[in-house]
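**Q** Before I ask anything, let me first share the structure, which is written out below as structure tokens.
Nothing in this text is a laboratory measurement; each read-out follows from the coordinates by a stated rule. Because the structure is a prediction, the values reported are computed rather than measured. Glycine gets a Cβ as well: all are built from the backbone with ideal geometry, and neighbour counts include every protein chain shown.
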Amino acid sequence: MKFLNKVGDYTKDAIQAAKYIGQGMSVTFDHMRRRPITVQYPYEKLIPSERFRGRIHFEFDKCISCEVCVRVCPINLPVVDWTFNTEMKKKELKSYSIDFGVCIFCGNCVEYCPTNALSMTEEYDLSTFDRHELNFDNVALGRMPTKVTDDPFVTPIRELAYLPKGVIEGHEVPHTARRAGQRPEEIAEAAAKAE
Ligand code: SF4
Ligand code: SF4
């Protein structure tokens, strides 16, 4: 009897294991019918979403050295170097820098800057061998990034979140194709009409 019970348990376990293997293999076989969604970076790049928080852009001429960006930054990161011009009776900006080796890209500085001197760009590839090389001065911060869609060496690929309904792979969708959902300006227009 004991032996028969053992055989029964063993058979139950074997059936259960076969069921789990079958479930696992069904996922594998399902993927065999699909194209790989691997992005061949850096030859291919995903188009970042509209509100992507990438490397910060700084406009020297717009900055009034108020240091609001320093106060709202969770780690007081931006370095604003200014002198007081006694003749003009106002602050004069000498240099400005942000260390992207430390920045957490929260966007607080951009949000609170009273003159919109700061903005977030779509640049995300900031890899260096030494993190201290990521301390950008006002010249480096003033450089505009190359857009993924404008770079002749890169094939832009629609990001997963913006693929048209029913499409699961971005390689087949041209980057000029309309993305899923409304664009921010369309939402703003609809909101303005509703008011
Ligand atoms: S908040 Fe804007 S204007 Fe003020 S110091 Fe920072 S970048 Fe300049
Ligand atoms: S993005 Fe955030 S962490 Fe980076 S400098 Fe601005 S406020 Fe500071």
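**Q** Pick out, in residue order, every one of the trypsin sites (Lys or Arg not before Pro) in segment 2-110 that is DSSP loop and has at most 11 other C-beta atoms within 10 Å; say none if there are none.
**A** Counting only loop positions with at most 11 other Cβ atoms within 10 Å, the trypsin sites (Lys or Arg not before Pro) in segment 2-110 are 33, 34, 51, 89.
**Q** Could I ask something else about it? Once the Cβ-Cβ distance between residue 137 and residue 50 is put in as r, and R0 is 30 Å, what FRET efficiency do you end up with, to the nearest 0.05?
**A** The calculated FRET efficiency here is 0.60.
**Q** Over the alpha-carbon set of the chain, work out the extent along each principal axis and list the three values in angstrom, largest first.
**A** If we take the Cα atoms of the chain, the spans are 104, 44, 43 Å.
**Q** If the cut-off is a Cα-Cα distance under 19 Å, which aspartates and glutamates reach residue 2, setting aside same-chain residues fewer than 8 apart in sequence?
**A** Excluding near neighbours in sequence, the set is 13.
**Q** For segment 56-138, build the charge dipole from Cβ charges (+1 Lys, Arg; -1 Asp, Glu) around the Cα centre, then report which of 120, 75, 138 sits farthest towards its positive end.
**A** After comparing all options, I get 75.
**Q** Where nothing but the Cβ of Lys and Arg (+1) and of Asp and Glu (-1) is charged, how large is the charge dipole of the chain around its Cα centre, in debye to the nearest 20?
**A** Once rounded to the nearest 20, the dipole reads 980 debye.
**Q** Here is a follow-up. Can you compute the modelled spin-label distance between residue 1 and residue 153, with each label point 7 Å from Cα toward Cβ, in nm?
**A** Here the answer is 8.0 nm between the modelled labels.
**Q** For segment 141-173, state which trypsin sites (Lys or Arg not before Pro) are in a DSSP loop and have at most 15 other beta carbons lying within 10 Å of their beta carbon.
**A** Loop-located and lightly packed - 143, 147, 165.
**Q** Just to confirm the filter: which GluC sites (Glu not before Pro) across segment 77-113 are DSSP coil and have at most 11 other Cβ within 10 angstrom of their Cβ?
**A** Answer by residue number: 87.
**Q** Report ³J(HN,Hα) in whole Hz for each residue of segment 139-156, in order, from the Karplus equation J = 6.51 cos²θ - 1.76 cosθ + 1.60 where θ = phi - 60°; Gly and Pro get x.
**A** So the Karplus estimates, Gly and Pro as x, are 6, 5, 5, x, 6, 7, x, 7, 5, 4, 6, 9, 6, x, 8, 10, 8, x Hz.
**Q** Quick check on my link table: of 62/94; 62/193; 19/165; 147/193, which ones sit more than 23 Å apart, alpha carbon to alpha carbon?
**A** Where the Cα-Cα span goes over 23 Å, the pairs concerned are 62/193; 19/165; 147/193.
**Q** What nm value, rounded to one decimal, do you get for the distance between residue 16 and residue 160 when each label is placed 7 Å out toward the C-beta?
**A** According to this spin-label approximation, the distance is 3.2 nm.
**Q** Something else: Identify unpaired cysteines across the chain, taking unpaired to mean no other cysteine Cβ lies under 4.7 Å from the residue's Cβ.
**A** So, 63, 66, 73, 103, 106, 113.
**Q** Classify segment 112-156 from the C-alpha gyration tensor, please: rounded if a/c falls under 1.5, else prolate or oblate depending on whether a/b exceeds b/c.
**A** It is oblate, given that a/c is not under 1.5 and a/b is not larger than b/c.
**Q** Applying 1/(1 + (r/R0)^6) with R0 = 25 Å to the Cβ-Cβ distance of residue 92 and residue 70, what FRET efficiency is obtained, to the nearest 0.05?
**A** Efficiency at R0 = 25 Å is approximately 0.90.
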